[in-house]
Amino acid sequence: MPALPDRRGRFGEYGGRYVSETLVPALEELEQAYASLRRDADFKAELKGLYRDYANRETPLYFAERLSEHLGGARVYLKREDLCHTGAHKINNTLGQILLARKMGKKRIIAETGAGQHGVATATVAALMDVDAEIYMGSEDIERQKLNVFRMQLLGARVHPVESGSRTLKDAINECMRDWVTNIADTYYLVGSTMGPHPYPVIVRDFQSVIGKEARRQVLKAEGKLPDLLVACVGGGSNAMGMFYPFIKDESVAMTGVEAAGGGLDAGPHAASISRGSPGVLHGKKTYLLQDELGQVREAHSIAPGLDYPGVGPEHSWLHDKGRASYVAVTDTQALEALQLLSRLEGIIPALESAHAVAHALEVVPAMPLDAVVVVNLSGRGDKDMPAVAGHLGVEV
Amino acid sequence: MARGKKRIKRCLDKLSAEGRTALVPFFSVGDPGIDETHDAVLAAVDAGADIIELGVPFSDPMADGPVIQASSQRALEAGTSLHGILEMVASLRARTDVPLVLFGYYNPFFHYGEEAFARDAASAGADGVLCVDLPPEEARGMVAACRSNGMDRIFLLAPTSDDSRIKAVSRCSSGFVYFVSVTGVTGARSSLSANVSAKVARVRELCDLPVGVGFGISTPEQAHAVAGYADLVIVGSALVKTMHEAGATRCAAEAGRFVSDLRRGIDG
């Protein structure tokens, strides 16, 4: 497999830089700044220190013994990104990008957020680095994730409700692009997933690939061999890309991205861009999108706000077309069941997003040999979802 | 269509010879309905519009402010499609020789198919296309399709474009280049930045094509000021807002009145 993206930011036909002219010079500047920073020894040392002392890395690779016994198939490991500072893998990316923003001399940070995890991770590093953060969040998501809104505000960020379109992540990204194009001179757009125009999908992948690098080392140590299967949930796809990327050349390692099937792929609105979408252009990149036959983007739906996006990172589209990774979808109901099962068997309450990955493992692990090894990326913890989960289970909290 | 006979060039050459500036209104096609847009375009031409921009609605108009966002949404809810817009173009072409430029976001064009779009648009009588989110680097297919079908390719330049960028964008463009007057989204501004004219002068030094200026222009006074240094004055959100406030039965007449005020502003 060639090293991608190419010089035009392409993963095969996907990716690229589909933006208005005003943003092109800013993206070129970002590309240059990142190219020099990623090789900078001081930067690497600073980021490593922050990962260790601030973000709580490395995160454990935990052998889920009771879950494995329950399923009666492969040995299941959980990569515990839920133990990261702020409760999800998002901090890996925001720490890297805030150093990039600082190097570029930008004093104002904007970001979109769906579940609120990226918003919280952005507000966190903005507080740490003493810069202003403004977070765009769909009003529908604000309603679903009140706790994260409060966390962002407590951390000193301003949260802007977005009332346009479906009032979720897609629309929050539109508003971020509008803010950025307006305030291009002093503002850094801290993109939260492996999406957006080049070079964002690369930057986010690179910062998140700490997940896969650690997991690869850890599983080799624990099992003396590479895993047979990696499983991660995919909305924009940053936790999955971070897990998959360091294993791409290990051809024996199968990789499965789990999209959100919402109410069901046929029954109903969902967020399964690769499983049920087609190639198109949105938010600066060409990728699989949920859209109608005229190229108008459809609204996505998932119980997990972090997966509620009608597109996907371009590198996932490429991995799908090449057959290097496979993509499946899990319904809201399956995710809720997986969340409860993992809570009871392992004492770990996963985020609804991560519960999609767990749900897929529940399906495939029983049919695998006992000596097979599966690594599930537990990308975030479930605290933020408790009011929503309680609501779905008919419990008042 | 043979080179040299293109409507946009013919129109701009003629105005240039007369020492006049082109007035280019933008219509959000399909808001409130495609028939209303059709009639409003004809009213605008009667009122002195030189070139017409036809906005193709998109679900996620990232470069647009609230007025065009809301209008695009209404147009989509009314069932507006690129196919329907090309039918409207053919009907307009039977009634007027005014140059017609399709203006939108790339995804609906990508879905139509670049070659099919350029062929069908040219045969309907459209003269050019501008995709906001398709910079020259991503536009090879669209440029080739337009070239082989005699359609002009209009690209944006921005306050952030440096000399090398201005040259690169100019090389891919034909008809005119569209200078975005502000860093920001579409929509009326109370005042335009003072250095727009200097930047446009720089574009002129590096680019042989006529230079249009748009984004933020809403009043006859602003149009007059911009006409002092631009070859084309492009007005969008203010017209869209005027038509929306006028309602379906009055929007064509109001579009005509609005354009005639701008015309007087530019010429006055």
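The values are calculated or read from the model by the stated rules, or taken from the named source; none is laboratory data. Model, not experiment: these values are computed from the prediction. All Cβ positions, glycine included, derive from the backbone under ideal geometry; neighbour counts span all protein chains shown. Each accessible area value is taken on the protein alone, full model and side chains, heavy atoms only, with ligands, DNA and RNA left out. Shrake-Rupley method; radii C 1.70, N 1.55, O 1.52, S 1.80 Å.
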Residue match in segment A:124-132 (condition: farther than 17 Å from A:L95 by Cβ, touching a residue at least 40 places away in the same chain (Cβ under 8 Å) and open to solvent by 10 Å² or more (accessible area, probe 1.4 Å)): no
Qualifying positions in segment A:151-203 - of a type in the set (S, T, Y) and over 22 Å from B:L157 (Cβ atoms): A:S164, A:S166, A:T168, A:Y188, A:S193, A:T194, A:Y200
Selection within segment A:261-286 - buried (at least 24 other Cβ atoms within 10 Å of the Cβ), more than 14 Å from every other protein chain (Cβ to nearest Cβ) and either among the charged types (D, E, K, R) or over 24 Å from A:P197 (Cβ atoms) (or both): A:A261, A:G262, A:H270
Tabulated pairs, segment B:125-154, first on the phi > 0 side of the Ramachandran plot, second assigned to a loop (DSSP other than H, G, I, E, B) and at pLDDT below 95, C-beta under 9 angstrom, 6+ apart or interchain: B:G150/B:M1; B:G150/B:A2; B:G150/B:R3; B:G150/B:K5; B:G150/B:K6
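Please find, among B:G175, B:G216, B:G212, the residue that is assigned to a loop (DSSP other than H, G, I, E, B) and within 21 Å of B:L239 (Cα to Cα).
Numbers: B:G175 fails: within 21 Å of B:L239 (Cα to Cα); B:G212 fails: assigned to a loop (DSSP other than H, G, I, E, B).
From the options B:G175, B:G216, B:G212, the qualifying one is B:G216.
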Set A:G156, A:G165, A:G196: member being modelled with pLDDT of 95 or more, within 14 Å of another protein chain (Cβ to nearest Cβ) and at positive phi: A:G196
Selection count where residues are more than 9 Å from chain B (Cβ to nearest Cβ) and over 20 Å from the mean Cα position of the chain (by Cα), scope segment A:180-192: 3
Test for B:F155: is it within 20 Å of the chain's Cα centre (by Cα) and open to solvent by 10 Å² or more (accessible area, probe 1.4 Å): yes
Criterion: within 28 Å of A:R10 (Cα to Cα), surrounded by fewer than 24 Cβ atoms within 10 Å (Cβ to Cβ) and in contact with a Lys or Arg (Cβ under 6 Å, 6 or more places away or on another chain) - qualifying residue of A:T194, A:T187: A:T187
Extreme residue, surrounded by the most Cβ atoms within 10 Å (Cβ to Cβ), among residues of segment B:35-61 that are more than 24 Å from B:D267 (Cβ to Cβ), more than 14 Å from chain A (Cβ to nearest Cβ) and more than 15 Å from the chain's Cα centre (by Cα): B:E36
Among the residues listed as A:G277, A:G242, A:G268, A:G224, the single one being at pLDDT below 95 and either within 12 Å of the chain's Cα centre (by Cα) or not aliphatic (A, V, I, L, M) (or both): A:G268
Residues that are over 13 Å from B:S123 (Cα atoms), away from every other protein chain (no Cβ under 13 Å) and of a type in the set (S, T, N, Q), drawn from segment B:62-96: B:T96
Selection from segment A:289-320 of residues that are touching a residue at least 40 places away in the same chain (Cβ under 8 Å) and within 14 Å of another protein chain (Cβ to nearest Cβ): A:V297, A:E299, A:A300, A:Y309, A:P310, A:G311, A:P314
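Table: residues versus (1) in contact (Cβ under 8 Å) with a residue 60 or more places away in the chain; (2) in contact with a Pro (Cβ under 7 Å, 6 or more places away or on another chain); (3) of a type in the set (V, I, T).
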site	(1), (2), (3)
B:A43	yes, no, no
B:A49	yes, yes, no
B:P57	no, no, no
B:D64	yes, no, no
B:V67	yes, no, yes
B:S72	no, yes, no
B:E77	no, no, no
B:I85	no, no, yes
B:A94	no, no, no
Candidates B:E114, B:E137 - the one that is more than 8 Å from chain A (Cβ to nearest Cβ), within 29 Å of B:R165 (Cα to Cα) and among the acidic types (D, E): B:E114
Failed criterion for A:A267 (all others in (1) free of Cβ contacts under 8 Å to residues at least 12 places away in the same chain; (2) within 22 Å of A:E81 (Cβ to Cβ); (3) outside any helix (DSSP H, G or I) hold): (2)
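Right, B:P108: modelled with pLDDT of 95 or more, closer than 25 Å to A:D292 by Cα, part of a helix (DSSP H, G or I) and within 8 Å of chain A (Cβ to nearest Cβ) or not?
yes
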Any hit, segment B:191-212, residues being within 12 Å of chain A (Cβ to nearest Cβ) and out of contact with any strand residue (DSSP E or B) (no Cβ under 7 Å at 6 or more places or on another chain): no
Spans of strands (runs of 3 or more DSSP E) in segment A:3-88 with at least 1 residues touching a Phe, Trp or Tyr at 6+ places or on another chain (Cβ under 8 Å) and within 13 Å of chain B (Cβ to nearest Cβ): A:14-18
Count - residues of segment A:326-364 that are in contact (Cβ under 8 Å) with a residue 60 or more places away in the chain, surrounded by fewer than 21 Cβ atoms within 10 Å (Cβ to Cβ) and charged (D, E, K, R): 1
